[in-house]
Amino acid sequence: MGQLIAGIDIGGTKIAGGLVNHKGRLVGGTLTVPTRAGEGIKTSYGQVLRVIERLLRQAGGKNELSGIGLCAPGPVNPRTGMVLNPPNLPGWINLPLARKIEDRFRLPTKVENDANAAGLAEAVFGAAVGYRHVFYVTVSTGIGTGIIINRKVYHGKNGVAGEGGHVSIDYRSHYRCGCGTLGCIEALAAGPGMARRARVFLEQDHAAASLLRDMCGGHLSRIHPQMIEEARAKGDPVAKAIVDESGFYLGVWLAGMITLLDPEAIVIGGGVSRIGKPLFDKIRETIPKYTINREFAAKTPILPAKLQRNVGVLGAAALLLPAGELAEEW
Ligand SMILES: [Zn+2]
């Protein structure tokens, strides 16, 4: 049995793979190919096989590997290794991914949803090294979360626990989430939610001066999160209010997560988290106001994610690391 693990991050836009050693270090960089998702499962699944084959060659043969870890967009059942029906991978319906890969390559194989894998990676060798109980959040086009307890992913009864992005903080909200619920934190604070709030604000208050009006060329629907951050950095009051509001929403929501889980640390990653200090400051300021154990909550470290671009590959590989083995216990 070899010492390297093949980590594969299957996404709707790209498939990335890398060889990872047992210390969680990438050996020889990562391979990335754009996912030909629109061409259906035969093509996109074939791409995954090609990436694994290239990694096997790079490793010098399958005897150098101890296993293959894969992460894919949810819904995924990590217990059965099934990919259920991710919206951005057309045709991937009830695919027994772990079994198919294991049968083909004759190596131990594990499958996890991408947010759980990322959370495990951050806990095992990223921002939260040294902590056993970690709540992980990624804020980008959606909000994904992972609950890591004792350095294991918490899966719940059906393997679908940890969908924190779909916890509502406002049942009267005008914003309906993609999941059908009103006021999910994802609908309010993920990138598209931020852009929508900025657009609605500027539509409703025609007198409000904002750099965003020029930046989007008068087309408010073109506002995107990076534009908001750029305007905020230039001192734009509307953009600042939108970022503050996001920090407030995330703070209220994370206060609830802290009340429930009492984690040792919270790790926040994803594109929106790159706003950095202004967002994190607002989150930290808000949390103690919305939880019962204010003193403990105020001391919970709120850490920026460390692994960023390779988090999926490292998280997939972490499923096969000794600590990752524990992560599969139920
Ligand atoms: Zn939702």
Next item on the list: Within the range 126-175, track down each residue that is part of a strand (DSSP E or B), surrounded by fewer than 17 Cβ atoms within 10 Å (Cβ to Cβ) and basic (K, R).
Entry: none
Margin query: Which numbered condition in (1) in a loop (DSSP other than H, G, I, E, B); (2) within 7 Å of the ligand (Cβ to nearest atom); (3) touching a strand residue (DSSP E or B) at 6+ places or on another chain (Cβ under 9 Å); (4) not aliphatic (A, V, I, L, M) is the only one that C179 fails?
Written below: (3)
Note to self: I'm trying to understand the selection: among the residues of the range 176-195, which are touching a residue at least 12 places away in the same chain (Cβ under 8 Å) and surrounded by 19 or more Cβ atoms within 10 Å (Cβ to Cβ)?
What the structure shows: G183, C184, I185, E186, A187, L188, A189, A190, G191, G193, M194, A195
Notebook entry, point to check: Within the bounds of the range 126-139, is there any residue that is hydroxyl-bearing (S, T, Y) and within 12 Å of the ligand (Cβ to nearest atom)?
Noted result: no
Item checked: First in the range 56-78 and touching a residue at least 12 places away in the same chain (Cβ under 8 Å) and closer than 17 Å to V313 by Cα, second anywhere and among the aliphatic types (A, V, I, L, M) and part of a loop (DSSP other than H, G, I, E, B), Cβ under 6 Å, 6 or more apart -> L65/L107; S66/M1; G67/L107; G67/L320; I68/L107; G69/L319; G69/L320
Margin query: Criterion first (modelled with pLDDT under 95, within 13 Å of the ligand (Cβ to nearest atom) and in contact with a Cys (Cβ under 7 Å, 6 or more places away or on another chain)) does C184 satisfy it?
Written below: no
Margin query: Can you tell me how many residues within the range 74-91 are over 16 Å from K157 (Cβ atoms) and either at pLDDT 90 or above or surrounded by fewer than 20 Cβ atoms within 10 Å (Cβ to Cβ) (or both)?
Written below: 8
Notebook entry, point to check: Do we find a residue being assigned to a strand (DSSP E or B) and modelled with pLDDT under 95 anywhere in the range 97-113?
Noted result: yes
Next item on the list: Would you mind stating whether E122 is touching a residue at least 12 places away in the same chain (Cβ under 8 Å), within 11 Å of the ligand (Cβ to nearest atom), part of a helix (DSSP H, G or I) and buried (at least 21 other Cβ atoms within 10 Å of the Cβ)?
Entry: no
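The values are calculated or read from the model by the stated rules, or taken from the named source; none is laboratory data. Nothing here was measured: the structure is a model prediction, and the numbers come from that model. Cβ coordinates were reconstructed from backbone atoms using ideal geometry, including for glycine residues, and neighbour counts include every protein chain displayed.
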